[in-house]
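For reference, the structure discussed in these notes is given below.
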Amino acid sequence: MGLHGDEMVKKAFLFAGQGAQFVGMGRDLYENFPICKKVYDEADHHLGFSISKVSFEGPEEELTRTEISQPAIFVMSAAITELLKSERPNLRPHVVAGLSLGEYNALFAAQVITFEEGLKLVKRRGALMEEASVKHPGTMASIIGCDLNLVEQMCAEANCQVANINSPEQIVISGPMGSVEKACSLAKEKGAKRAILLKVSGAFHSRLMEEASSGLARELERFTFPKPRIPFIANVTGREEHLPDKIKTLLSEQVIRPVRWMETVQAIALMGVKEVFEMGPGTVLKGLIRKINPEISVTNLGTVADIRSYLATQIH
């Protein structure tokens, strides 16, 4: 498909969240594209430590830490955004969105925040969430094959919360360990296909993150956001948000409220989007989108091979 046809199909840029990281992520981009190397070098300078070294070499325990994985994913996804902008300046997404942490990459793509601002925010967000996890330990679990209303009832009974509405099949819950374990037992009793405890360092998107939410709200007050240059769908509402102060409020609320990913994808589909680019590490979003709306095609852009393959198809 040439550029003319490429422009006619409505596209979305979507960005993954924490958990997508892996040791070695971004190394091939750094070694093959000068613009990606520039992004990583700039990140190392601004962060005051080598996010590139941890991303490329690990160790995994270090990369998995919330205050490291969040900037690592942000930097890799930003590098891909900049690369695509440079290689295909005519490719303008119709809408952007991100899963949890991925919202910061979506706002970077929509020119609401600069790369440096995004780095500062995700570094602070990661640190606040890690502090809250240590102070108020908790966990998360994935409930497969259970109705949302039923999951909400079980959470109310077990004293935990719905954290992510990922697809019609998958709902993630969050809260204190005992509460989440109780909800998992209830889910199995009620006929859920599976209830799996996740390997996470905290109860994200739950009340246990209240202090992180307050700290993030204070941090966000220091920034002035313009209106998005590209439509932006927010996690908390599952719809387009364009008022800068509302976006800031939603970013701070997002760490204690459910991520409405299913509604986000449905909103994107209603805007007429037929093709999605999953920008950054992993292919988690592709799997979720297939379950929510299989008519949307997903192109993963996370490796040099992915990007070269896509660019090759765009030549006249």
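Scanning region 49-76 for residues that are closer than 20 Å to residue 17 by Cα and either in a loop (DSSP other than H, G, I, E, B) or among the aliphatic types (A, V, I, L, M) (or both) returns 51, 54, 58, 59, 63, 65, 68, 72, 73, 75, 76. Looking only at region 134-147, decide whether some residue is of a type outside the set (Ser, Thr, Tyr), buried (at least 24 other Cβ atoms within 10 Å of the Cβ), out of contact with any Ser or Thr (no Cβ under 8 Å at 6 or more places or on another chain) and part of a helix (DSSP H, G or I). The answer is no, given that none of the residues of region 134-147 is of a type outside the set (Ser, Thr, Tyr), buried (at least 24 other Cβ atoms within 10 Å of the Cβ), out of contact with any Ser or Thr (no Cβ under 8 Å at 6 or more places or on another chain) and part of a helix (DSSP H, G or I). Could you tell me whether region 207-215 includes any residue that is surrounded by fewer than 20 Cβ atoms within 10 Å (Cβ to Cβ) and of a type in the set (A, V, I, L, M, F, W, C)? So far as region 207-215 goes, no, none of its residues is surrounded by fewer than 20 Cβ atoms within 10 Å (Cβ to Cβ) and of a type in the set (A, V, I, L, M, F, W, C). Residue 223 falls short on exactly one of the conditions (1) surrounded by fewer than 20 Cβ atoms within 10 Å (Cβ to Cβ); (2) at pLDDT 95 or above; (3) within 22 Å of residue 253 (Cα to Cα); (4) out of contact with any Asp or Glu (no Cβ under 7 Å at 6 or more places or on another chain), and that condition is (4).
Regarding residue 137, is this residue closer than 15 Å to residue 209 by Cβ and in contact (Cβ under 8 Å) with a residue 60 or more places away in the chain? Answer is yes for this residue.
If you check 97, 43, 79 for being assigned to a helix (DSSP H, G or I), of a type outside the set (Val, Ile, Thr), within 17 Å of residue 278 (Cα to Cα) and in contact with a Leu (Cβ under 8 Å, 6 or more places away or on another chain), only one passes: 79. Against the conditions (1) surrounded by fewer than 20 Cβ atoms within 10 Å (Cβ to Cβ); (2) farther than 19 Å from residue 283 by Cα; (3) free of Cβ contacts under 8 Å to residues at least 40 places away in the same chain, residue 35 satisfies every one except (3).
Would you check which residues across region 100-133 are outside any helix (DSSP H, G or I) and either within 17 Å of residue 213 (Cα to Cα) or of a type in the set (D, E, K, R) (or both) and list them? Listed by number, the residues that qualify are 100, 101.
The listed residues are 64, 114, and the only one of them that is out of contact with any helix residue (DSSP H, G or I) (no Cβ under 6 Å at 6 or more places or on another chain) and surrounded by fewer than 19 Cβ atoms within 10 Å (Cβ to Cβ) turns out to be 114.
Here region 278-295 is the region considered, the condition is being within 13 Å of the chain's Cα centre (by Cα) and at negative phi, and the residue that is surrounded by the most Cβ atoms within 10 Å (Cβ to Cβ) is 279. The residue list 175, 126 contains one member that is surrounded by 20 or more Cβ atoms within 10 Å (Cβ to Cβ), under 24 Å from the mean Cα position of the chain (by Cα) and assigned by TED's automatic domain parsing to the domain that holds residue 235, which is 126.
This table checks each residue for (1) among the small types (Gly, Ala, Ser); (2) at pLDDT below 95; (3) farther than 28 Å from residue 107 by Cα; (4) in contact with a strand residue (DSSP E or B) (Cβ under 6 Å, 6 or more places away or on another chain).
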position	(1), (2), (3), (4)
156	yes, no, yes, no
177	no, no, yes, yes
187	yes, no, yes, yes
213	yes, no, no, no
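Scanning region 150-167 finds no residues that are of a type outside the set (Asp, Glu), part of a loop (DSSP other than H, G, I, E, B), assigned by TED's automatic domain parsing to the domain that holds residue 18 and closer than 30 Å to residue 93 by Cβ.
The values are calculated or read from the model by the stated rules, or taken from the named source; none is laboratory data. All figures in this text were calculated on a predicted structure; none of them were measured in a lab. Cβ: placed from backbone, ideal geometry, glycine included. Neighbour counts: every protein chain shown.
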